[in-house]
Amino acid sequence: MIKKKRPICGVVAAEANSIEQRQLLFGIIGQNQSFGVDTVVISNIYNPNIREQELYCENNIYDLIGSEDIDAFIFILESFVNEELRNSVIDRIFSRDVPVVIIGNISEELDLSNCTFVNTSDANDIEDVTNHFIEEHGFTDIHLLTGMKEIDVSSLRVDGYRRALESHGIPFDTDKVIYGDFWMNSGIALAERYHSGELKLPQGIVCANDYMAYGLLDRFAELGISVPEDVSVIGYEYVGSREMHTPLLTTYQRNRVSLGEIAAQKLWGIMNGKETEYAPPKGTLIRGDSCKCGVNRKVMLTELKLSRVKKDFEFFNLFNPLEQELTVARTLDEFIKVCGTFQWQVRDVNDVIFCLYKNWYDTDSRPSDVLSCRSIVPWMDNEPFDIPKFGIAEFLSRWDSPYAYYFTPLFFNERMFGYSVLKYDSPDTYDDIYRNWIKSVSNGLEFLRMKNDIKYLTQCQNLSEKRDTLTGMLNENGLRGVYQSNLIDDENSVMVVMKVCMTTDGFSDMDGKIESVVDAAEAVRQFCGNQENCGRVSDNTFVCIIREECEPETAADKLCSVLIQHKIYMEKFGTDSFICAAVRCEGRSYSELYDECSEELCQKLKRAEMMKNQPHYSEMLKIRSYIYMNPQESYEPEKLRRLYPYSAGHLRELYKKCFGVSIHQDCISARISRAKYYLTATPMNMAEIAELCGYVDSKYFLRQFMSSVGMTPGRYRNASK
């Protein structure tokens, strides 16, 4: 075993490439290097706020917290948005008896003997921002847009705002504090409240983060409210991208570089038995045009330069053959060579080392306890070397000076390959471009594994020319053959054709589209019952042949009702993203039936496109999708007010213009649609269905179903069976 050369500070973060973490890490790394300490940053890449199984594997990177080689930790608590992950990481850190400095607000549950908190002061910062409006602009009517009411950071920012007002003899008015969610939609919603007259426009608005300020500015510009002529706006946190919004935002930059330095100094003091006091570092006002101060030209030029560099690298990242060349690599040596050719996309990095489990390619075994490591940079030593799974000291001891090392996961779906290590000799950090680069690398590594996996290749041989490879259903050729040989003489059969994923936005997220198509395929199977009578005949088109006698309209209606209840598809694409048509077969050819359905679909699509041109359509669609996904709820006026903050009369008017039906009648239709799903896909009795659809009285459900559908639930269930 190699002896450790220097103390090792572990920095535990989430999504370390984000601007907030990058500023902190710049301060931490620089200070650690001055102390002769190696910095090991352990971070995931995507940091989703929900437990997505295909991303959750990446969080195995936090197993490295268990390395006995790490002498102390700096924990960036606020970076973890997922509570489950945050608690898991906390458990791992505090299972070690080592000093811990936490960057974030003090938490009673972490008030432990080996734990110290440091942070900037949200209250002091917002007090400074509010003072700017009062002292430099003479404002007395100032509103605050803060975050969620129930979280501490929102309250701290309200406290700073209140202190500034009261210190200048201005009364604090709770009605001038607006609670949002720290995202742009909060700013958009507030702008609309001012425009509608619900709130009187103040002299100035303090936004408790830049994202809400950006939403406010963007919507003000659309509504014709001039900033700063009509109202001034100041943001907070200086998250970047100011040049993307107009006017240029005046904001306040928390001194997170100094905070990182303070965290490293505190940890070094604790490790050497010297406790030190600290004062929260004071931030800086970054002047812009959203108040009448005017922009700081030097700061703006620096921002534009960084923006151009980022844009150039995004362009290079998009238009280069990395993914294609990784795809054709046949061996790991070839794969490493390709990665090395394109390592320049990871900006300013000193070295990139891949650490792969010895059995990374074996899907049947748990990851080995030994990793094979190898630099991909052409001018570095590319000879492989092995380290134990937690052998961080053995890894770091290969270099004579203190560096910063970023340990990030190499994974695909639920398979962990190992990790990638970025080595920096300066206080620098990786950025968003690396996320795209490492995603291409991970996908390429999985492709290489599959090409060398005999079992996988054998499974692929089972896919015949008559099967769709994504869903396993029949493809166009397979379905034509089945119809020609078994169904053409059945005059009572019905062909049902459905097109899905027609919402343009969905095509930007290929992973989301694939998942949604698979979910839609499951809905088709559920409707059809017999997988050999249905298929996926093109990228977004499904065809079913219903053999039993059934009215075509009823068959199409049933399929739509089943798809609406499939949550994965609906959450991604919504209620307006699919159309359905059906015709009776009557012994006609497959092509003739398909063409007739296609003509009907074309007409439906034209009508749907005309509907989408209605003003406020997208806003009303969100409400409609919510209603159809939650039909069991009672949509009383108060509930509708939460979905749409303006008058109920205005909502009813817009809704009917967009969809040609009243919101009340559509709420009934949503319940009936869910009932149709249960009637089609389950054996539940009428009382059970009525209750699940929000009906207290099953007899009333029967009457309403009959009135809406024109037949009893029992008859509807038996149609096409």
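If the reach is capped at under 16 angstrom between alpha carbons, list the aspartates and glutamates near LYS558, excluding any in the same chain fewer than eight residues apart.
Within the straight-line limit of under 16 Å, LYS558 reaches these aspartates and glutamates: GLU522, GLU548, GLU549.
Straight-line reach from LYS200: which lysines have Cα under 26 Å away, leaving out those fewer than 8 places along the same chain?
Hits, sequence-local ones excluded: LYS149, LYS176, LYS292, LYS639.
Give the relative contact order (percent, whole number) for the chain; include only Cα pairs under 8 Å separated by 6+ residues.
Normalised by residue count, the contact order of the chain is 11 percent.
For the pair ASP539 and LYS612, what calculated FRET efficiency results from E = 1/(1 + (r/R0)^6), where r is the Cβ-Cβ distance and R0 = 25 Å, to the nearest 0.05?
Approximately 0.75, to the nearest 0.05.
Per residue, how much accessible area does the range 261-347 show when a 1.4 Å probe rolls over the protein heavy atoms, in square angstrom?
Here the residues of the range 261-347 average 63 Å² of exposed surface.
Determine which lysines satisfy two conditions relative to LYS358: a Cα distance under 30 Å, and not lying fewer than 8 residues away in the same chain.
Leaving aside lysines fewer than 8 places away in the same chain, those within reach of LYS358 are LYS3, LYS4, LYS5, LYS337, LYS389, LYS423, LYS439, LYS451, LYS455.
Residue-wise, which Karplus ³J(HN,Hα) couplings in Hz belong to the range 653-664, taking 6.51 cos²θ - 1.76 cosθ + 1.60, θ = phi - 60°, and x for glycine or proline?
Running phi through 6.51 cos²θ - 1.76 cosθ + 1.60 with θ = phi - 60° gives 5, 5, 4, 5, 5, 6, 10, x, 8, 5, 5, 5 Hz.
What ³J(HN,Hα) values, in whole Hz, does the Karplus curve 6.51 cos²θ - 1.76 cosθ + 1.60 give for the range 57-64 when θ = phi - 60°, with x put for Gly and Pro?
4, 4, 6, 5, 4, 6, 4, 5
I need to check one value: relative contact order of the range 595-658, counting alpha carbon pairs closer than 8 Å and at least 6 residues apart, in percent.
With pairs under 8 Å counted, the relative contact order is 42 percent.
Using a probe radius of 1.4 Å on heavy atoms only, what accessible surface per residue do you get for the range 1-151? Whole Å² is fine.
38
Distance between Cα centroids, the range 684-721 to the range 99-171: provide it in whole Å.
55
Fully extended, how many nm does the chain gain between GLU586 and SER707 (0.36 nm per residue separation, minus their Cα-Cα distance)?
Gain on extension, GLU586 to SER707, equals 40.5 nm.
Using a 1.4 Å probe on the protein chains only, how many percent of the accessible area of the range 166-207 belongs to carbon and sulfur?
Summing carbon and sulfur atoms, their accessible area is 53 percent of the total for the range 166-207.
For the chain, take every pair of Cα atoms, bin their distances at 20 Å starting from 0, and report each bin as a whole percent.
Percent of pairs per bin, in order: 14, 38, 36, 12, 0.
What are the residues whose amide H is under 5 Å from the amide H of SER232, where those residues sit 5 or more places off or on another chain and H is modelled from the backbone?
GLY204, ILE205
Find how much the distance from ASP348 to GLU243 grows on full extension, using 0.36 nm per residue of separation minus their present alpha carbon separation; answer in nm with one decimal.
Difference between extended and current length: 35.4 nm.
Determine the relative contact order of the range 333-408: mean sequence separation of Cα pairs under 8 Å and six or more apart, normalised by residue count, in whole percent.
24
Give the angle, between 0 and 90 degrees and rounded to the nearest 10, that separates the Cα long axis of helix 297-318 from the longest principal axis of the Cα atoms of the chain.
Once rounded, one gets 50 degrees.
Give me the one-decimal nm value for the distance between modelled label points at PHE316 and LYS567, 7 Å along each residue's Cα-to-Cβ direction.
Here the answer is 4.4 nm between the modelled labels.
I'd like to check one number: the per residue accessible area of the range 182-252, probe 1.4 Å, reported in Å² as a whole number.
36
Taking amide H positions as placed 1.01 Å from N in the peptide plane, with prolines and chain starts having none, which residues 5 or more places from GLY283, or on another chain, fall under 5 Å of its amide H?
Here the answer is ASN255, since their amide H atoms fall under 5 Å of that of GLY283.
Could you work out how far the C-alpha centroid of the range 393-439 sits from that of the range 234-270, in angstrom?
The range 393-439 and the range 234-270 have Cα centres separated by 24 Å.
Given a 1.4 Å probe and every protein chain left where it sits, what share in percent of the accessible area of the range 568-675 is carbon and sulfur?
Its accessible area is 52 percent carbon and sulfur atoms.
At 1.4 Å probe size, with the rest of the protein present, what percent of the exposed accessible area of the range 1-122 is carbon and sulfur atoms?
After summing per-atom areas, the C and S share lands at 48 percent.
The values are calculated or read from the model by the stated rules, or taken from the named source; none is laboratory data. The structure presented is a predicted model; accordingly, all values stated were derived computationally and were not measured. Heads up, the Cβs are rebuilt from the backbone with ideal geometry, glycines too, and the neighbour counts pull from every protein chain shown. These accessible areas exclude ligands, DNA and RNA; they are computed on the full protein's heavy atoms, side chains included. Shrake-Rupley method; radii C 1.70, N 1.55, O 1.52, S 1.80 Å.
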